[in-house]
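Okay, structure first, notes after.
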Amino acid sequence: MKRAPAARLSELETARSQYGPGCAARVERLLASLRGQTFPDAESLAAFHDTLLFLRAFPQSRKVVILTEALLGNVGQQVKALRDSGADLDLFESEEFSGIAGTEIRDTFTYEVARWLAQRFPRDLRVNWDVDAQSRQMSSSLPQLLPLLADDCLVEADTPYLEWLSSAAGGADRILPWLMQRLESSPRTILEKTAWYDALKIEVEWELGESAASRTRARRNPEAFYYHNAPLIQRKQVSLEEELASPPLPVRKLSRREGEQVMDFVRAAITVRYRELYGTTRGDGGHVVEADVGRGVHIFLWGLPPERRLPVRGYYAGLTVKNGVPINYIEGIGLFEWMEVGFNTFYAFREGETAWIYAKVLHLLNQIAGITCFSVYPYQIGQDNEEAIKSGAFWFYRKLGFRPGKPELMALTEREEARIAKTPGYRTPARALRKLAAEHIFYETGDGPRGLWDRFATRNIGFVVERHMAEKFKGDPGRMRQAAVASLARELGIDVRKWTPLGQTAFADFAVVLALVPEVKGWSSREKEQLAEIIRAKLGASEVEYLRLTQGHGRLKQVMLQLGSVE
């Protein structure tokens, strides 16, 4: 008797995490039995889809890869069949299950994401207008682009904005590309363009169809696949200490052309999941590196172009690909040897060697940028993040060796560890996990002192600067910058007027901080020369040299730590 689809799907979900003798054949049989199978609702189709994706990334055999690709190739048609039947497809709009072939992505994308979509997928986009909600902003913004619109919208209550836009663009379906073209050709800065566009809150609908941008079809295949014939690596098998002490990972720098291809791949992978990172939207395709870390895992890492960099911290973002399938993204923001690292594995792959891959990411950041103090954002362990509380995310990091920075939270951690050891089956209560998620946690390696960064935050430096501006310059940022630049330039013996506009901005960012530090006058000539090199490096080809140079300037580090550790 043929088993019901639900039973076979359940069996496949169980088999996907089984590796070893006989497991490949079992998965192959299950996949073969599901050929031509249709599913009655979005829930079962989504579960089937994500099980196939997991197996595509973590296959037991070559045949599993072939079968999963064939079955995934039919998902878009199944979505269409469900839609035609009138089934509820709201599930596909959730962050967890979005991006499947045949579905749509609807969002008020930021200007730069919307521009990228309009450039790459112009025929697949539609705009959903809510004129009632947007009319006030339209009356302020659109007269800049539409001659004589002010004669209508400033005095009439029923201005037909879409008719005005359609008339100017040459058709309703041309409005979005027309807006983008007008913005692109305007003399506004990128920040001004972003502010203008984002204020309109334009909802864009992206029909994925059978696009390679969908989760279903997104691939960047390696030269050779990795097949799992033994159980996946578990967290308890991973030692960060051993990983960070292991030989360097093989790294290659991509050409600009390949780097831009990777950035397009990354932007699609993030956007179809209703996410956006500063570094994926604005990443520098000219400086992308790839690390082949083994087991079919490739980590791509990149920085920001000089004009988009942060004032003080260095920034890196990344994407991990497993057997060609994107499985998580990375964000690293740091200063000196310290870096806050965000590591987010996509829902479908959270049972797939996450701890081992995370260890490889930290190894790569240590190798490339000299990072020895890794910090995790409170959000990642549960602050305003109930999903992380339910999953016990704090313990994922703690069992890898991370520790809370505050003594009282370290004491709570040790009490909970004692309870876990004493009481079989004990689980830390949610209220305790929320307390533990209130602050950053840290992992430190190397021979340096521990705990230096426990109370540090760059926003603390910003707060000190703002108070200084209020007290000494009556809140005038222009006066403060002018005075700070003149003072630091005099100390360093630099004519900043000869620097590029971007260089002058970078110099000013450091100057407003160091204006708070009269001890700079007493620094040695070499220390002042090194400071000038650091500021110039902020605009270098990548921020690796910048971070490396800061690690060699003990006086600057001491200053930044003092300012940033004020509570």
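Every number in this text was worked out from the coordinates using simple rules, so none of it is lab data. Treat the numbers as computed from the prediction; the structure is a model and nothing was measured. Ideal geometry is used to build each Cβ from the backbone, glycine not excepted, and the neighbour counts take in all protein chains shown.
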Sorted by Cβ neighbour density within 10 Å, fewest at the top, the residues Ile233, Ile534: Ile233, Ile534
Virtual spin-label span in nm between Lys474 and Lys253, 7 Å along Cα→Cβ: 5.0 nm
Three-way shape label, region 287-409, alpha-carbon gyration tensor, a/c 1.5: oblate
Tensor-based shape of the chain (alpha-carbon gyration tensor, a/c under 1.5 rounded, otherwise prolate or oblate): oblate
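Considering only Cα-Cα distances, which of the following residue pairs are longer than 30 Å: Lys322/Lys435; Lys472/Lys498; Lys322/Lys399; Lys201/Lys498?
Working: Lys322/Lys435 35 Å; Lys472/Lys498 28 Å; Lys322/Lys399 24 Å; Lys201/Lys498 41 Å.
Pairs exceeding 30 Å: Lys322/Lys435; Lys201/Lys498.
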FRET efficiency for Arg188 and Glu276, using Cβ-Cβ distance with R0 set to 22 Å, rounded to 0.05: 0.55
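Before rounding to the nearest 500, sum -39500 (n - 2.57) across all DSSP H runs of length at least 4 in the chain and divide by the residue total; then give [θ] at 222 nm in deg cm²/dmol.
On the way: 26 runs with 270 residues, N = 567.
That comes out to -14000 deg cm²/dmol.
When a footprinting reagent is the concern and you count Cβ atoms within 10 Å, what order do Ser487, Ser167, Ser185 take, fewest first? Can you show the working numbers first?
On the way: Ser487 16, Ser167 12, Ser185 8.
Exposure proxy ranking, most exposed first: Ser185, Ser167, Ser487.
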Burial ordering of Asp41, Asp88, Asp124, fewest other beta-carbon atoms within 10 Å first: Asp88, Asp41, Asp124
Highest to lowest packing among 7-15, 301-309, 357-365, scored as the average C-beta count within 10 Å: 357-365, 301-309, 7-15
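Regarding region 408-567, what whole-number volume in Å³ per residue does the convex hull of its Cα atoms give?
Working: hull volume 27.0 nm³, N = 160.
Spelled out: Cα convex hull of region 408-567, divided by residues, is 169 Å³.
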Three semi-axes of the equivalent ellipsoid, region 182-312, Cα gyration tensor, whole Å, largest first: 34, 20, 15
Glu529-Gln261 FRET efficiency (beta carbon distance; Förster radius 45 Å; 0.05 resolution): 0.65
Shape metrics for region 147-251, restricted to C-alpha atoms - Rg then Dmax, Å: 25.8, 72
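Evaluate the relative contact order of the chain (contact order divided by residue number), counting alpha-carbon pairs under 8 angstrom at least 6 apart; express in whole percent.
Taking the mean separation of contacting Cα pairs over the length of the chain, I get 12 percent.
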Reachable aspartates and glutamates, given that their alpha-carbon falls under 12 Å from the alpha-carbon of Lys236 and they are not under 8 places away in the same chain: Glu353
Cα gyration tensor shape for region 235-444, rounded if a/c is under 1.5, else prolate or oblate: prolate
Length-normalised contact order for region 235-444 - Cα pairs under 8 Å, 6+ apart - percent: 17 percent
Extension gain (nm, one decimal) between Asp384 and Lys399, 0.36 nm per residue minus Cα-Cα: 3.2 nm
Inter-label distance, nm, simple model (7 Å from Cα along the C-beta direction), Arg308/Glu241: 4.0 nm
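For region 199-330, calculate the relative contact order in percent as a whole number, restricting contacts to Cα pairs under 8 Å that are 6 or more residues apart.
On the way: 172 pairs, mean separation 32.7, N = 132.
Computed value for region 199-330: 25 percent relative contact order.
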Span per principal axis, largest first, for the Cα atoms of region 368-434 (Å): 42, 23, 20
